[in-house]
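Have a look at the structure below, then the notes.
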Amino acid sequence: MIDHHRSQIQRFLLALAALFSLPSALSAAEPAKPPASQIEFFELHIRPVLIEQCADCHTGDADAESSLAVNSRSAFIKGGEFGPAIIPGKPQESLLYQSIQRTHKALKMPPDEDDKLSAKTIQHFKQWIEWGAPWPEEKVKPLTTSQAKKTEPLTTSHWCFLPRQSVAPPKVNNQEWAASPIDRFIFERLEKEQLTPAPLASRRTLIRRATFDLTGLPPTPEEVSHFLNDPDNDRKAFSKVVDRLLASPAYGERWGRHWLDVARYADTQGDVGDFPIPDAYLYRNWVIDAFNDDLPYDQFLQAQLAGDILAKQEDDPERARQLKIATGFIALSRRFGNTRYEDQHLTIDDTIDTIGRGIMGVTLKCARCHDHKFDPMLATDYYGLYGIFESTLYPTMGASNEPSPTQLVAAENDPDSQQKIDEYWDLLSQYQHQIRNHFRPWLKPTLEEYKQVAAKIKQAKKNGQPTEKLEARRQKLLASHKGKFRELMEHGLPWLKKEKARLVKQPPAEMLYAVIDGKPHHAKLHRRGNPETPGDVVPRQFISVISKTKPDLDQKRSGREELANWITAAEHPLTARVIVNRLWYHHFGQGLVKTVDNFGVLGAAPSHPELLDYLANQLIKQQWSLKALHRQMMLSRVYRLDSNDIKENSQRDPENVYLWKYARRRLDAESIRDAMLFVSGKLDREPGGPHPFIPWHKKGYSLNGPFHKVYPSQKRSVYLMTQRLFKHPFLGLFNGPDTNETTGTRTSSNLPTQALYLMNSPFLPKLADAFGKRILQLDQTEEKQIQTAFQIAFSRNPTPEELVEFLHTLHAYRAQILKEQPQDSATANQAAWTGLAKVLLTSNEFFFID
């Protein structure tokens, strides 16, 4: 929406002025302080639109085009000459929302239908108004970019930007809590808060908890039995369980999925056609393998930020290829618009936002339009990073108006291969453009004249007549439309199609959906975030509040390798803290910093700051090994606590911030699906490969016909095809990943539609039927079959009461089936067991972890 012509902007602003002309008696009183999540939402989704669309003319100054100002909540409520722009809490009654939704009879903004705001942006405004139009309090006016140039380097007292402290675990008098450093930090705080820790969980509870945590699957009855019967003490026996799980290939699948949430992974581009990316799975599998190999976290990040540059230093071809694949982290940034690279600034913005929130836990995106309103980061910091990625070539699988791929990367370290690939896609794009536009009315006269001239030349040559003038005309026609239809004129449409088909089958080399360096350069600052109004050139650089000196970047390269080294430097205050907090969140249900993607001023303060720094220091000391960090956390006493409530504690600490118990929680979407497949015996444990996409040259996509498929699969959920525009029917319903932005946490909603899906979808009945058959195949008594079913589903035996109840239900169900529909007993028995299996698979105990 920031690329309007000036006249369109003026019409938009005139309509905006008219919008705020109705009377109202509303007060402009500010509401109670809104939560940080709503303020962050405002900064990311509302303020940029106001700045880009309205701020130039709606300043509130006496000589402004409208009396409305858009620089505060009170100004919006006051409105323009005749009344309010918004009614907090009531979007449908707010003229602002009515006009951008284009439901108001007279006011439709922007005026041109083609320039209307996207549905997602309109929904953002609706949500914002429903919340009461939260607006951050700005106690101190932030520095402007021009002011910042004249001041000393930025400083801050906010904890996340300060160096980590070297912290020693405190001494505690309780021997049970003195065994591990983590426990000593936790117990000291529990004593301070006068909280009594819960007792230890049972071995059965613990192995189920740990197995889901590390693999996303339930333990088998055999694994449970082995742990229950291990004669070693609880901690030593449990350490063997943890080591076994960390060595399982399922560990990489589980924790690779967590990282893919951060990397906003999807198998499609996210533009208006949501084009499929056939090779995206290579990055997905690289992430999974990296976790299984315990690739040091600093190297893990370096490969994703600069793998193509590091690949040039590799002699091993496969190692170099894998490093290039790792840059899928950048290559998979979202695409925008109908034409390749028309909104490249938004793709780069997505890259910077993902690096900021995903790796460093800060909202860099908020400095795109202006200096950050809260954190000590300037617009020049943003555009210093922007230049690094503007100096990087992003691949694409095409766009609505240009459906052929381009800028894919050679898998081998051979400059000639890359040149051949570039020439290959240029030629294919050229042919594709002619094939797609051969019928255009504006082209028809040129094609007809060319045929006539070509026929005259042929006849003239046959008659021995001069052809110079005709040939000159022919060359002029070939050069018309910038020479983009030369082959169509010379050879015709059938030749073009045949030649394109030949080229598609004969690529010059293996190509990857990865990034490589382009022409290194510094970027210009975009005034108010608008690339159409460039400002001063900003040297490529990092975040100035952390990087006190300007980096010495190689002028022949983008600067991504230097950026990767800066981010993973041991002294960087954010990187280690953020990944420690992510692991803690997934193991304990909440982070030491609750806002796992935002450590800034609007984020939450750490509940145990010394422990966070201690673990971050330990991570670096242990060569950035994430598996070592898992062991530290999981072998602590606090991880092994029971989840039962303690009334006195709940009154003092209802959210369990100080970890006096283990936080009971629901399985995430992937674990629910995988566990159902697993216990039914239907889970395909083989790693996933490519998806059966229609080849790019056989199918195009557009706004009116975007890509939308669901491919049936019994593989683990991490291997399912996921796209940006449409949610997977199961994962989307059960709070699966948001593929459009970094998502460090998952919500856990309980909706009627989830129950309806389980009742009506064929997914559950098929698995229940398979689970029932699995039990019936066992040569056991009915009592033993029920015990086995409980062991498989819940990792425990049924209680005597449950056993009696299930036996009674089994007999009654079977008798009822035979009574209503007489048939052989084997069929009735299978149907009865299918019914019991449904009960097990949809029970709370199956869905929750204690």
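No lab work stands behind these numbers, since they all come straight from the coordinates. None of the values given here were measured: they were computed from a predicted structure. No Cβ is skipped: glycine too gets one built from the backbone with ideal geometry, and neighbour counts run over all protein chains shown.
Against the chain, whose longest principal axis is taken from its Cα atoms, helix 763-776 shows a tilt of about 40°. Rg and Dmax, both from the Cα atoms of the range 306-410 and both in Å, are 15.5, 47. For the range 430-506, the percent of C-alpha pairs falling in each 5 Å distance bin, counted from 0 to the bin holding the largest distance, reads 3, 15, 24, 21, 15, 11, 7, 2, 0. Summed over all non-identical Cα pairs, the Kirkwood treatment of the chain gives a radius of 30.6 Å.
Scattering from the range 726-800 was approximated by placing one identical point on each alpha carbon and applying the Debye formula without solvent; log10 I(q)/I(0) at 0.21, 0.22, 0.28 1/Å stands at -0.97, -0.99, -1.19. Here the contact order of the range 430-506, divided by its residue count and restricted to Cα pairs under 8 Å and six or more residues apart, works out to 42 percent.
For the range 626-785, rounded, prolate or oblate, judged on the Cα gyration tensor with a ≥ b ≥ c (square roots of eigenvalues), a/c < 1.5 rounded, else prolate if a/b > b/c? Oblate. Short to long, the 10 Å bins of the Cα pair-distance histogram for the range 804-850 hold 27, 44, 21, 7, 1 percent of all pairs. Only DSSP H runs of four or more residues enter the estimate; each adds -39500 (n - 2.57), and after division by the residues of the chain the mean residue ellipticity at 222 nm equals -14000 deg cm²/dmol.
So if we plug the beta-carbon distance of SER547 and LYS505 into 1/(1 + (r/R0)^6) with R0 = 51 Å, what FRET efficiency do we get, rounded to 0.05? Numbers along the way, then the final one.
Working: r = 49 Å, r/R0 = 0.96.
It comes to 0.55.
Hey, what angle do you get for helix 379-390 against the long axis of the chain, alpha-carbon based, 0 to 90 degrees rounded to 10? Around 80 degrees separate the two axes.
Based on the alpha-carbon gyration tensor of the range 161-299 and its eigenvalue square roots a ≥ b ≥ c, which shape applies: rounded if a/c is under 1.5, prolate if not and a/b is larger than b/c, or oblate?
Details: a/c = 2.58, a/b = 1.52, b/c = 1.70.
It is oblate, given that a/c is not under 1.5 and a/b is not larger than b/c.
With the gyration tensor restricted to C-alpha atoms of the range 760-849, the semi-axes of the equivalent ellipsoid amount to 21, 16, 12 Å, longest first. The modelled label-to-label distance between SER825 and THR799, using points 7 Å beyond Cα along the C-beta direction, is 3.2 nm. When all alpha carbon pairs of the range 246-373 are counted in 5 Å bins from zero, the resulting P(r) reads 2, 10, 17, 21, 19, 15, 9, 4, 1, 0 %. Compared with the dominant principal axis of the Cα atoms in the chain, helix 317-326 is inclined by about 90°.
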